[in-house]
1. Of everything in segment 146-163, what is assigned to a helix (DSSP H, G or I), surrounded by 15 or more Cβ atoms within 10 Å (Cβ to Cβ) and of a type outside the set (Lys, Arg)? Give them in sequence order.
2. How about segment 169-189: which of its residues are more than 15 Å from ARG227 (Cα to Cα), modelled with pLDDT of 85 or more and not hydroxyl-bearing (Ser, Thr, Tyr)?
3. Kindly provide the set of residues from segment 53-66 that are closer than 19 Å to PRO41 by Cα and buried (at least 18 other Cβ atoms within 10 Å of the Cβ), ordered by number.
4. Among the residues in segment 107-120, are any under 24 Å from ASP28 (Cβ atoms) and assigned by TED's automatic domain parsing to the domain that holds VAL198?
5. Considering ALA111, ALA121, ALA143, which residue is part of a helix (DSSP H, G or I) and surrounded by fewer than 20 Cβ atoms within 10 Å (Cβ to Cβ)?
6. Can you report the number of residues in segment 124-140 which are crowded, with 19+ Cβ neighbours inside 10 Å and part of a loop (DSSP other than H, G, I, E, B)?
7. Take SER90 and tell me if it is within 30 Å of ALA208 (Cα to Cα) and either more than 22 Å from the chain's Cα centre (by Cα) or exposed (fewer than 13 other Cβ atoms within 10 Å of the Cβ) (or both).
8. Scan segment 76-83 and give yes if some residue there is free of Cβ contacts under 8 Å to residues at least 24 places away in the same chain, of a type in the set (Lys, Arg) and either under 25 Å from ASP223 (Cα atoms) or touching a Ser or Thr at 6+ places or on another chain (Cβ under 6 Å) (or both), otherwise no.
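The values are calculated or read from the model by the stated rules, or taken from the named source; none is laboratory data. Just so it is clear, the model here is predicted, and its values are computed rather than measured. Note that we place each Cβ from the backbone using ideal geometry, even for glycine, and neighbour counts take in every protein chain shown.
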Amino acid sequence: MDTEAPISIPALPLTPTVKRSLADDVVDRLRDAIFHGSFKPGEALREEQLAAMLDVSRGPVREALVQLEREGLVIVRRHRGATVARLSRSDLEDVYSLRLALERLAVQRTARFATEQDFAAMEAVLTDFDIALLRGPSEKEVAELDVRFHDLIYQAARHQRLYDCWANLKAQIYIFLLSRNVADPDFREITVKSHAAVLDALRTRDEARAISEIEAHLRGAYDRVVRGYRAAEIDAE
């Protein structure tokens, strides 16, 4: 009597799951608190107090503050503790010039390596932009969509170290974007259409045009942030 041969199941290329530490969770919660204004620029961040608020030991809080310092959201001084960073016009100039250099490389590589799935994800963000603008979004919502779109570009570039540089910069970019006035009548023209122009250049694999479009887009974003800073300075006088 013939017996059936055992079914051979091919081995799957399993990869370990990404483990998040307690410090990672604390980073996310503190970053969100800073974004939402729960901690103001210049405010002290005391380890013991934060540990009590978050119901953790001081170790994860200390690690989280070091990471947030890398992101430019926190300033840690020896023997003086940590404070929420106060981002100035000088910081804006530094972030803008660095972002411009990084994003030129990002779009160049994305034009070469991105997949249709990458482009579809970017298109979905633009659709969310349009929906949000129809009902009147907050600065926070638009800033989140803006950062999400550019995050997809960096992912599609297939360059891990480039993405890591962006990851350490995007929290500061998010805070700068919050200073834009999304109620301006030209906001859609500057923001949504310029994002769409970048995506179109990437989809056609036109590296030179992609670089030109991203330069124009970032310049427009920079000018809008500067206007927001000037308006805040006038209000403070």
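1. ASP146, VAL147, PHE149, HIS150, ASP151, LEU152, ILE153, TYR154, GLN155, ALA156, LEU162, TYR163
2. LEU169, LYS170, ALA171, GLN172, ILE173
3. Within segment 53-66, VAL61, ALA64, LEU65 meet the criteria.
4. No, segment 107-120 contains no residue that is under 24 Å from ASP28 (Cβ atoms) and assigned by TED's automatic domain parsing to the domain that holds VAL198.
5. ALA121
6. 1
7. yes
8. no
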